[in-house]
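Working notes, beginning with the structure itself.
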Amino acid sequence: MRVIAGTARSLPLKSVEGLETRPTTDRIKETLFNILQKDIVGSRFLDLFSGSGAIGIEALSRGARQAVMIEYSKKCVSCIKENLAFTHLSDKAIVMEQDVIAALSRIPSKEVFDIIFMDAPYRQGYDKEVLQVLRDAPFIDPYTIIIIEEAINTDFSYIEEDSGFRITKIKKYKTNKHVFLNAVL
């Protein structure tokens, strides 16, 4: 696993050993950031269920002005901090070692996030819980891009109901997908 582009390009990143995380592959990460390329520079990026921090670090390397990374696991938080130090991006990151739902009410600033990326454990329903919290969050607006990474067969029909969000794009891969949303405020 490595940083694909930007100021930390080609630097290798550590990941947590075992089944605790499943890092987004370099190929999928590159595709995601190719989709987001015009939105990254100068953005404020929120990385939920951060794992190794690879997605938030990629955003910072490509020009995001700040990344807030939320992760519950102590081992993962330690890995994120090591990766940030190694890539010299620590000064642009805030790492919160907390449960994601609890952390969302403690975000250090109410300034709007431009991009929110969520890569929760697949098929656990965390996406629904997080979206319920985000629906009323002061740090999103209709222009905030929300991306959920989930298993390819995950049903997102609940979003079309009265969720407060609308799907703008779905990008499918071999075993998973990225679902892009905007808030309907």
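The values are calculated or read from the model by the stated rules, or taken from the named source; none is laboratory data. If you're wondering where the values come from, they're calculated on a predicted model, not measured in any experiment. We place every Cβ from the backbone using ideal geometry, glycine too, and count neighbours over all the protein chains shown. Accessible surface is based on the protein model in full, side chains and every heavy atom, while ligands, DNA and RNA are left aside. Shrake-Rupley method; radii C 1.70, N 1.55, O 1.52, S 1.80 Å.
Structure notes:
- Which label in (1) 21, 21, 17; (2) 50, 18, 14; (3) 23, 18, 17 gives the computed semi-axes √(5λ) of the Cα gyration tensor in Å: (3)
- Share of carbon and sulfur in the accessible heavy-atom surface of segment 68-108 [1.4 Å probe, %]: 54 percent
- Nonlocal amide H pairs with Ile4, under 5 Å, H built at 1.01 Å: Ser10
- Subtracting the Cα-Cα distance of Ile152 and Val112 from their residue separation scaled by 0.36 nm leaves 11.5 nm.
- Over segment 1-128, accessible surface divided per residue gives 47 Å², non-protein components excluded, 1.4 Å probe.
- Long pairs among Lys29/Lys174; Lys29/Lys172; Lys75/Lys172; Lys14/Lys177; Lys29/Lys171, criterion Cα-Cα beyond 18 Å: Lys75/Lys172; Lys14/Lys177
- Electrostatic dipole magnitude of the chain [Cβ: Lys, Arg +1; Asp, Glu -1; Cα centre; debye, to 20]: 600 debye
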